[in-house]
Every structure is written in structure tokens, then in C-alpha cells.
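*Asks:* Please read through the structure below; I'll follow up with questions.
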Amino acid sequence: MKLGTVGTGWITASFIEAAKHSGKLNLTGVYSRTVEKAKELAHTYNAEHYFTDLEEMAKSPEIQAVYIASPNSVHFEQALTFLKNKKHVICEKPIFSNTAEMTEAYQTAEENGVYLFEAIRNIHTPNFQILKEKLHLAGNLRSAILPYMKYSSRYDLFLQGEEPNIFSSTYSGGALVDLGVYPLFLAIGLFGEPQKVTYYPVILRSGVDGSGTLILEYQDFVCTILCSKISDSVLPCEIQGEKGTFVLEDAAPISEIKFIDCRSKEHELFSVAQEDKDMVYECIKFAEIIETNNDQEYEKLKEWSKKVLRVTEEARKQNNIVFGVER
């Protein structure tokens, strides 16, 4: 499948490498706002075509699917451009700024007979599937603690008075939508949509959250998600049940899954070795859905993304975190 990319950061490079490794996607075109950068990208990744005009790229027969990894706030408009030109769209998380954008984008995809995916790498890995299959061993769940806290070097720039995209309300930034979505996708994939959501953020001068604690309330237990871009954590993830506890080394990637029996205290490892380029799993998944027109699997992923976005939108509303696209 002929692939184009929008975005010039490290995440785009990672996706290109994973796409090549998957054997399913062939990079044929790249986009940048400047000719120099576009040429450089094309040369670096052996892409035959480069573009500085998004509309031109969207109309090109050399592009069948596009991966978008631009600033969060422009995902929606860029996705619509490609969807309206009947191109499949893979949009890096967070897929959109709010549910209104999501509704319109999915409707546009359906009207044009193409697929729209959210790129979120941890939920497509073998170890996530193993965790989901083995979760019953914990018995009745009573608590889950899912931290994902990584100090961002761009916070140093923020402290110096600058406002990098990820710390900007103009560009739909913040810790919850950037890092919190990793454990949030895990939680909703494992436990379903919560009955109640409460968010306690640390609000920065730019109006977005630098870190926060997200509480997801279920019928019989509570899941606590800790996210931050202004501090680090070495805490593992834990899912605690009446029969045992699952310990994950990290929410993304899920490199190790350990189960500890409550009574015997015995430890059992369930994880398997995974590809270092773990975005390869989402590349394969999306390509296979497109190739086989697997609408049933597509609908599952779509509903998953909708539930996650509903939670982050509710969390923002509670704390008056308003993105520029919403003003």
C-alpha cells in the first residue's frame, strides 16, 4: 500500500521504520511546509515524491494512505483533506481535540469509503493481548494503578519562557492527551468505559495540564491513572484483584507482564519478546483491516477511540482546560 506521511518529528521516523518493517506499507511520499525539508525527508527515507501542498498530496494517485503526526490541533483539518480525497488516514494519538471533530471525521471517512485510525502503539502488541486473555486470573478486580510519567526536555524550554506545542492550549497539548492516553487506552480496553471520571491536574501558565491524576470509577473498583510531562516516575503499573496482582513494567511498551498470586505469593511471567519497533503491530493491523475490509474490527477500534476521547474531553471540561480550536 502506498503510504504518505505528514510530520517531521521523531515519531514520524519511527512510524516510517515500522511501516517498512511490516512489509505492508511502502513509503512513496512525504510532506513538509518547506521545499528544503520535504526534499531532505524524501531523500532520507527513499520516498519517490515530496510535497509542500497538502491538497496536492491528497489528490496524488501515488498516495493511498497517509500517516499524520503534526501538532494535535491541526489533525482534524488535515485528516479531512485526505478523507475527502478518498485516502485512508492513520492519525497519531491524540486523534482529535474533541468529540465534535471526531464525529465529523468518521462521518467523512464513511461517506468516502475509506478508513480512519488512531495510532496508539501499545494496544496492538502481543503482550496487550496476553494481558487481556489472562486478566481473569486476578479474580474480582479491586484496584488498578497505571502511571505514565516522563519528564519532557521541552519543559526546560517552557520554564525559560517559551511555549512548545505540547505545553500549549493553542496546539491542543497537555499531559493527559499526550501521555495519559496510553494507560487510558489500556484501562478502557481491559475494563470498559468508566461510570465516572474525575481529573485532578497541575495546570501550567499556558492553561494546559503539566501532570495530573485521573480517577476512573467502575462498579466494584477504581482505576487511577497518573500522567506527567514535568516529572518522572519509576513506578510499575499494577492491576489488583482478589486472587492476584498483575504487574506491568510500563504502560507503553508492555515489555513484561508478571502475575503474583495473593495466597501462594508465586510469580509467573506471561509476557513474550516483542519487536523493538513496536509500532509495527499497528501498521500490520491497519493494513490488514484495509486489505480485507474488516469492518467489524474497524468498528471496535473506532469505539475504543471514541470512549478514550470522551474521557479526556470530560476531564478537560471539569478543569476548564480549553483548546484553541474550541474558542
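The values are calculated or read from the model by the stated rules, or taken from the named source; none is laboratory data. Keep in mind that what you see is a predicted model, and the values were worked out from it rather than measured. Heads up, the Cβs are rebuilt from the backbone with ideal geometry, glycines too, and the neighbour counts pull from every protein chain shown. Accessible surface is based on the protein model in full, side chains and every heavy atom, while ligands, DNA and RNA are left aside. Shrake-Rupley method; radii C 1.70, N 1.55, O 1.52, S 1.80 Å.
*Asks:* Among (1) open to solvent by 10 Å² or more (accessible area, probe 1.4 Å); (2) under 30 Å from Ala58 (Cα atoms); (3) touching a helix residue (DSSP H, G or I) at 6+ places or on another chain (Cβ under 9 Å); (4) outside any strand (DSSP E or B), there is one condition Leu135 misses while meeting the rest; what is its number?
*Replies:* Result: Leu135 fails condition (2) only.
*Asks:* Taking the condition of being out of contact with any Asp or Glu (no Cβ under 9 Å at 6 or more places or on another chain) and open to solvent by 20 Å² or more (accessible area, probe 1.4 Å), how many residues in the stretch 232-269 meet it?
*Replies:* Number satisfying all stated conditions: 11.
*Asks:* Moving to a separate point now. Step by step: first the residues of the stretch 83-111, then only those that are touching a Lys or Arg at 6+ places or on another chain (Cβ under 9 Å) and farther than 13 Å from Ala65 by Cβ, then the one that is most open to solvent (accessible area, probe 1.4 Å). Which residue is that?
*Replies:* Only one residue tops the list, namely Glu111.
*Asks:* Exactly one condition in (1) within 22 Å of Thr12 (Cα to Cα); (2) touching a strand residue (DSSP E or B) at 6+ places or on another chain (Cβ under 7 Å); (3) not aliphatic (A, V, I, L, M) is not met by Phe96; state its number.
*Replies:* Checking Phe96 against (1) within 22 Å of Thr12 (Cα to Cα); (2) touching a strand residue (DSSP E or B) at 6+ places or on another chain (Cβ under 7 Å); (3) not aliphatic (A, V, I, L, M), the one that fails is (2).
*Asks:* Turning to a different aspect of this structure: Hey, among Ser255, Ser211, which residue is of a type in the set (S, T, N, Q) and closer than 22 Å to Glu314 by Cα?
*Replies:* Exactly one residue qualifies, and that residue is Ser211.
*Asks:* Another question, if that's okay. What number of residues within the stretch 12-64 are open to solvent by 90 Å² or more (accessible area, probe 1.4 Å) and among the hydroxyl-bearing types (Ser, Thr, Tyr)?
*Replies:* 1
*Asks:* Pull out all pairs, ordered by first then second residue, where Cβ-Cβ is under 8 Å, the residues are six or more apart or on different chains, the first lies in the stretch 157-177 and is under 18 Å from Tyr200 (Cα atoms) and touching a residue at least 40 places away in the same chain (Cβ under 8 Å), and the second is acidic (Asp, Glu) and crowded, with 22+ Cβ neighbours inside 10 Å.
*Replies:* From the stretch 157-177, the pairs are Gly174/Asp209; Ala175/Asp209; Leu176/Asp209.
*Asks:* Which residue pairs have Cβ atoms closer than 7 Å, lie 6 or more positions apart in sequence or on different chains, and pair a first residue in the stretch 12-37 that is within 23 Å of Asn72 (Cα to Cα) with a second residue that is surrounded by fewer than 16 Cβ atoms within 10 Å (Cβ to Cβ) and not β-branched (Val, Ile, Thr)?
*Replies:* Cβ pairs passing all conditions: Gly29/Glu62.
*Asks:* Look through the stretch 138-178, keep the residues that are of a type outside the set (A, V, I, L, M) and part of a helix (DSSP H, G or I), and return whichever of them is surrounded by the most Cβ atoms within 10 Å (Cβ to Cβ).
*Replies:* Phe167
*Asks:* Something else: If Ala38 satisfies all but one of (1) at positive phi; (2) at pLDDT below 95; (3) of a type in the set (Gly, Ala, Ser), what's the number of the condition it fails?
*Replies:* The one condition Ala38 does not meet is (1).
*Asks:* Counting only residues that are out of contact with any helix residue (DSSP H, G or I) (no Cβ under 7 Å at 6 or more places or on another chain) and part of a helix (DSSP H, G or I), how many does the stretch 3-27 have?
*Replies:* The qualifying residues number 9.
*Asks:* Going by what's in this entry, would Tyr67 be described as touching a strand residue (DSSP E or B) at 6+ places or on another chain (Cβ under 9 Å), among the hydroxyl-bearing types (Ser, Thr, Tyr) and buried (at least 22 other Cβ atoms within 10 Å of the Cβ)?
*Replies:* yes
*Asks:* Any idea which of (1) touching a strand residue (DSSP E or B) at 6+ places or on another chain (Cβ under 8 Å); (2) assigned to a helix (DSSP H, G or I); (3) under 25 Å from Thr245 (Cβ atoms) is the one Ile123 doesn't satisfy?
*Replies:* If we test Ile123 against (1) touching a strand residue (DSSP E or B) at 6+ places or on another chain (Cβ under 8 Å); (2) assigned to a helix (DSSP H, G or I); (3) under 25 Å from Thr245 (Cβ atoms), just (1) comes out false.
*Asks:* Which of (1) under 30 Å from Val208 (Cβ atoms); (2) open to solvent by 20 Å² or more (accessible area, probe 1.4 Å); (3) of a type in the set (Ser, Thr, Tyr) is the odd one out, the single condition Ser73 does not satisfy?
*Replies:* (2)
*Asks:* Let me ask something else. Since Ser305 meets every condition but one in (1) of a type in the set (Gly, Ala, Ser); (2) open to solvent by 10 Å² or more (accessible area, probe 1.4 Å); (3) not in a loop (DSSP other than H, G, I, E, B), which condition does it not meet?
*Replies:* All conditions pass for Ser305, except number (2).
*Asks:* So, restricting to strands (runs of 3 or more DSSP E) that lie completely within the stretch 198-275, which ones have at least 3 residues that are in contact (Cβ under 8 Å) with a residue 60 or more places away in the chain and under 22 Å from Ser152 (Cβ atoms)?
*Replies:* Correct list: 209-217, 222-228.
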